[in-house]
Structure formats: C-alpha cells, structure tokens
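Below: the structure, in structure tokens.
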Amino acid sequence: MNTRALAAEVTLRVFAHGESLSAALAEHLPRLPDPKDRAFVQAVSYGVCRWYGQLDFLLERLVSRPIREPYVRALALAGLFQLRHMRIKPHAAVAETVAGAQRRAAWAKPLLNAVLRNYLRQQAALDAAVAENLLARTAHPHWLIERLERDWPQDCAEILRQNNLPAPMTLRADRRLTTREDYCEALRSAEIGCEAGLAAPDAIILERPVPVERLPGFADGRVSVQDEAPQLVAGLMDLQPGQRVLDVCAAPGGKTVHMLETCPGLAEVVALDVSAERATLIRENLSRSRCEARVVVADAETKPAWWDGQAFDRILLDAPCTATGVIRRHPDIKLLRKPDDVAQAAARQRRILQRVWPMLTVGGRLLYATCSVLREENEQNVAAFLQEHTDVRELPLSGLSDRPVIHGAQILPGDRGMDGFYYACLLKLG
C-alpha cells in the first residue's frame with residue numbers, strides 16, 4: 001500500500017468529515033503491517049494538519065484553478081509537507097506522492113507532478129511569500145490568532161510557535177510500584193533516552209517518542225503516558241485517606257488513575273463521563289493500573305439521577321473545552337474548531353459547574369481545570385461563579401504559574417515543557 005495515499009485518506013477524514021486525527025489514524029493505521037510505514041503515515045498526517053494553513057497557502061499559488069477533487073488535494077498537501085518539512089529526498093517525495101494517485105485518481109498524476117516540481121523550482125519566492133503572510137507563517141486560523149492576541153498580547157507569538165512544535169512524549173511513573181529515578185534507569189537500560197520532568201514529581205520526558213510496547217512495565221501499569229500539566233491535578237486536589245472523590249468528565253481516566261496512585265486510601269472514587277465509548281477507556285486504564293473506581297456514564301449537565309445524595313470531599317471538574325492548550329499534541333484542533341465553539345464551550349462549562357457544586361461537602365474543594373488557553377473558558381467562568389455564589393472562596397495556587405490572571409493559574413504551551421492548562425481551586429463554605 002502506498003503510504004502517501006493512506007496519509008491522504010487519513011487527512012481527508014479530518015478535512016472533509018470533521019473527524020479527529022487520532023480517530024482517523026486508529027481506523028487506518030492497522031492496515032499497515034510495517035511499524036516504519038505506520039510511523040511515516042502518522043508523521044505525514046500530523047504534519048499536514050499542523051501546517052495546513054501554510055500548505056494550503058502554497059497550493060493556491062501553484063495551481064491555476066483550485067483542485068476540486070478532495071483526495072487529490074489531500075495528496076498534494078501531503079507532497080508539499082514532505083518537500084517543505086521532512087528530510088526526504090525531493091525526487092522520492094515527488095515520485096511516491098504522484099504514485100499515490102494511481103488507484104483512486106490516475107488522471108491527476110500529471111497535475112501532482114507539476115505542482116510538486118513547480119514548488120521545488122519556485123521555493124525561494126514561495127518562502128518569501130509565506131514570510132509576509134501571517135496566516136501562512138503561523139499556520140493558524142485568523143479567528144484563533146485574534147483570540148490569542150487579545151487574551152495574551154505579550155505571549156501570542158510564542159504560543160503560536162509552541163503550537164507548531166511536536167510535543168514531547170511524557171510519562172508518569174506509578175509511585176506505588178517504582179520511583180521516577182528507578183524507572184529512568186529502566187528506560188536507559190532499554191536504550192530509551194529520558195530525563196526528569198520540571199514540574200510534576202512523577203514526570204519523565206523521553207528524548208523521542210517510542211511505542212508504548214517498548215516501555216518497561218507499561219502493560220502492568222508501572223508507567224502511563226500523560227503530559228506534566230495534567231499530572232499536577234493529584235497534588236492540587238490535596239487528597240487524604242478516607243475521602244470520597246468525584247472526577248467529572250473523566251475519560252480517558254488518566255487523572256482518575258493518578259489520584260488513586262497518589263492516595264490509595266481514598267474511600268471511593270467516582271469517574272463520570274457522558275460517553276459510553278470513552279468510559280470504556282477509563283475502565284481499561286483502571287484495569288491496567290490495578291486501580292478501582294466506580295465508572296458512571298451520565299451527562300454532567302443534567303440532574304444527577306445516579307447520585308445517592310452523599311456529598312463528595314473532593315471534585316475534579318476537567319471541563320470539556322476547545323482544547324486550545326494542546327494543539328501541539330492535536331494539531332487538527334486548528335481545523336476542527338470554529339469561532340462559535342468558544343462561547344458554546346464556556347456556557348457548557350458554567351452549566352456543569354453549577355450542576356456539580358451541590359455535590360461538594362462543606363469544607364471540600366473543587367478543582368476546575370481545562371486544557372484551554374482562552375480566558376472566556378477559564379478565569380472569566382471562575383469570576384462569574386465567584387460573583388454568583390456566597391458559599392465559595394478561591395484558594396491560591398502559588399508557584400503554579402506566573403501568568404497574569406486574576407483567578408486561578410494559567411499554564412501556556414511550552415511553560416516548563418508543559419501543555420497549556422488552566423486550574424482554579426474553589427473551597428466550599430458553610
């Protein structure tokens with residue numbers, strides 16, 4: 001199977017059908033038996049989504065008329081990505097990309113050949129044009145650039161730059177089974193380069209990504225894959241033995257498992273998610289890590305028919321958001337999110353926060369978290385909640401971030417190597 005053709009099929013699922021890149025890859029990668037081929041298709045698919053705005057800009061200047069056949073257009077973008085961003089010999093990138101049209105669109109082979117060879121001939125002039133165009137240079141949609149400039153005028157350029165850098169593969173050692181230092185030694189013995197994380201006590205950063213099957217003890221739960229920013233949750237929750245904990249919007253369950261690893265003496269942990277399919281991921285993570293929690297499939301926005309009325313000591317609300325803080329891990333976010341999504345996400349977050357607050361006991365704390373960097377979803381929601389309620393006090397999160405926010409703490413992409421994340425801790429008063 002032509003790997004360029006498969007990469008075009010994957011990205012086409014994102015462009016034309018609004019499917020997430022991870023879902024499209026999960027569907028198509030099993031068709032390739034060779035791990036090297038799978039890695040190549042993944043690299044091209046991620047790269048095309050990451051640099052889509054730039055590649056589309058170039059393609060417009062290389063054709064006299066728009067390419068209306070979506071598959072052929074996806075192939076052209078894959079070819080341009082290889083020529084511009086990958087260390088592949090140009091003749092091989094051109095030849096294999098053109099060959100990718102053979103089965104589905106043989107008529108387009110001359111067109112693809114001309115587009116890619118014209119790029120090579122005109123590269124200097126095209127580079128200059130990219131440098132002068134903000135959308136092409138940053139490969140971000142205009143609406144998102146505007147939002148970031150408004151919310152983070154001093155940091156916008158760095159956020160855009162970080163979003164276009166592939167994120168490191170970060171691990172979390174299970175402190176019940178090993179120490180970070182011992183697991184780093186196990187990684188080095190397996191010839192996997194690594195270093196300790198900068199922010200979370202159990203975090204390990206790999207020099208380069210590897211398949212999880214290569215990680216010592218992964219199948220036995222000795223280690224999990226998780227960025228450092230969400231690893232901070234367990235510490236911020238101030239967990240104590242005997243507490244009842246509710247994890248709202250819990251899938252895929254990484255934070256649920258980490259809380260249980262950090263404080264095995266918890267009385268009960270309830271992991272709530274609206275999706276039955278994603279709840280399966282929670283159960284799989286719990287099983288692999290040998291942890292126990294009650295998994296509930298329900299909509300956090302609706303009246304909690306599943307709740308027995310017994311208040312929780314701690315609530316983690318990892319609110320559904322636009323995920324603008326994790327674009328470096330999920331570059332398809334730049335293609336899938338629309339301007340109206342921000343207000344819709346913020347409204348949904350407020351509804352869920354209002355719904356779960358009565359489930360918290362007096363003296364308990366709720367940790368509000370998102371993987372967004374947009375203020376409308378973060379500190380503005382917290383500010384509104386504090387204004388509307390008299391039974392709440394915000395707890396300080398000192399040392400987490402020095403970003404200028406009035407409420408909570410904002411981590412921006414790249415801060416100490418982390419993804420973009422927001423936290424606010426709310427104490428319930430009598």
- [ ] Give the distance, in whole Å, between the Cα centre of region 18-51 and the Cα centre of region 291-344.
- [x] 26 Å
TODO: May I ask you to derive the relative contact order of region 170-225, considering only C-alpha pairs under 8 Å and at least 6 residues apart, and to give it as an integer percent?
DONE: 44 percent
Open item on the list: Springs between alpha-carbon pairs under 10 angstrom, Gaussian network model over the chain: which of Thr280, Thr390, Thr178 fluctuates most?
Closed with: Thr390
Task: Estimated vicinal HN-Hα couplings, Hz - region 184-190 in sequence order (Karplus 6.51, -1.76, 1.60; Gly, Pro = x) - done: 4, 5, 5, 5, 5, 5, 8
Task: Rg followed by Dmax, in Å, when region 92-174 is reduced to its Cα trace - done: 18.9, 55
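Report the per residue volume, in Å³, of the convex hull enclosing the C-alpha atoms of region 170-225.
66 Å³
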TODO: Work out the FRET efficiency for Asp391 and Asp34 from their Cβ-Cβ distance, taking R0 = 35 Å, and round it to the nearest 0.05.
DONE: 0.05
Open item on the list: Compute the angle between helix 109-132 and the longest alpha-carbon principal axis of the chain, please, reported from 0 to 90 degrees and rounded to the nearest 10.
Closed with: 60 degrees
- [ ] Please determine, in degrees from 0 to 90 and to the nearest 10, the orientation of helix 142-151 with respect to the longest principal axis defined by the Cα atoms of the chain, where the helix direction is its Cα long axis.
- [x] 40 degrees
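Mean residue ellipticity at 222 nm from the helices of the chain, using -39,500 (n - 2.57) per DSSP H segment of n ≥ 4 over the full residue count, to the nearest 500 deg cm²/dmol?
Working: 19 runs with 196 residues, N = 430.
For the chain, the value works out to -13500 deg cm²/dmol.
Could you compute the net charge surrounding Leu316? Neighbours are other residues with a C-beta less than 15 Å from the C-beta of Leu316; K and R count +1, D and E count -1.
Values: positive: Arg244, Lys255, Arg294, Arg314, Arg355, Arg365, Lys428; negative: Asp238, Asp247, Glu261, Glu268, Asp273, Asp313, Asp318.
With Lys, Arg at +1 and Asp, Glu at -1, the neighbours total 0.
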Task: GluC sites (Glu not before Pro) within region 172-218, DSSP loop, no more than 15 other Cβ atoms inside 10 Å - done: Glu191, Glu207
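With the cut-off at 1.5 for a/c, could you classify region 244-313 from its C-alpha gyration tensor as rounded, prolate or oblate? Write down the numbers at each step before the final one.
Details: a/c = 2.30, a/b = 1.19, b/c = 1.93.
Since a/c reaches 1.5 but b/c is at least a/b, the shape of region 244-313 is classed as oblate.
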- [ ] Report the extension gain between Thr302 and Glu27 in nm, rounded to one decimal, defined as 0.36 nm multiplied by the number of residues separating them, less their alpha carbon distance.
- [x] 95.8 nm
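Averaged over all directions, how much area does the convex hull of the C-alpha atoms of region 175-270 cover when projected, in nm²?
Values: hull surface 25.0 nm².
Value for region 175-270: 6.3 nm².
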Task: Summed side-chain charge close to Leu426 - residues other than Leu426 whose Cβ falls under 9 Å, Lys, Arg +1, Asp, Glu -1 - done: +2
Task: Whole-Hz ³J(HN,Hα) from phi, Karplus 6.51 cos²θ - 1.76 cosθ + 1.60, for region 407-420, glycine and proline x - done: 10, x, 9, 10, 9, 9, x, x, 4, 6, x, 8, 6, x
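Find, among the trypsin sites (Lys or Arg not before Pro) in region 1-77, those assigned to loop by DSSP (not H, G, I, E, B) with at most 11 other beta-carbon atoms within 10 angstrom.
Values: sites: Arg4, Arg13, Arg31, Lys36, Arg38, Arg50, Arg61, Arg68, Arg73; in loops: Arg61, Arg68.
Answer in residue order: Arg68.
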TODO: State the three equivalent ellipsoid semi-axes of region 228-428, derived from the C-alpha gyration tensor as the square roots of 5 times its eigenvalues, in descending order and whole Å.
DONE: 24, 20, 18
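Given a cut-off of 38 Å, what percent of all Cα-Cα pairs of the chain lie beyond it? Intermediate results must be reported in sequence, preceding the final value.
Details: 25091 of 92235 pairs.
Beyond 38 Å sits 27 percent of the P(r) for the chain.
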Open item on the list: What three numbers, in Å, describe the spread of the alpha carbons of region 3-137 along their principal axes, ordered from the longest?
Closed with: 40, 30, 29
- [ ] Over the Cα atoms of region 284-382, compute the convex hull volume and normalise it per residue, giving Å³.
- [x] 136 Å³
Task: Relative contact order of region 228-428, defined on C-alpha pairs under 8 angstrom at six or more residues apart (%) - done: 20 percent
Task: Cα long-axis angle, helix 340-356 against the chain (0 to 90 degrees, to the nearest 10) - done: 20 degrees
- [ ] Enumerate the calculated ³J(HN,Hα) couplings along region 20-33 in order (Karplus 6.51 cos²θ - 1.76 cosθ + 1.60, θ = phi - 60°), each rounded to whole Hz, writing x wherever the residue is Gly or Pro.
- [x] 6, 4, 4, 5, 5, 5, 4, 6, 9, 4, x, 6, 9, x
Task: Lys pairs under 28 Å by Cα in the chain, provided they are eight or more residues apart or on distinct chains - done: 9
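Values quoted throughout were computed directly from the atomic coordinates according to the rules given, and no laboratory measurement underlies them. Everything quoted here is computed from the prediction, not taken from an experiment. All Cβ positions, even for glycine, are placed from backbone atoms using ideal geometry, and neighbour counts span all protein chains on display.
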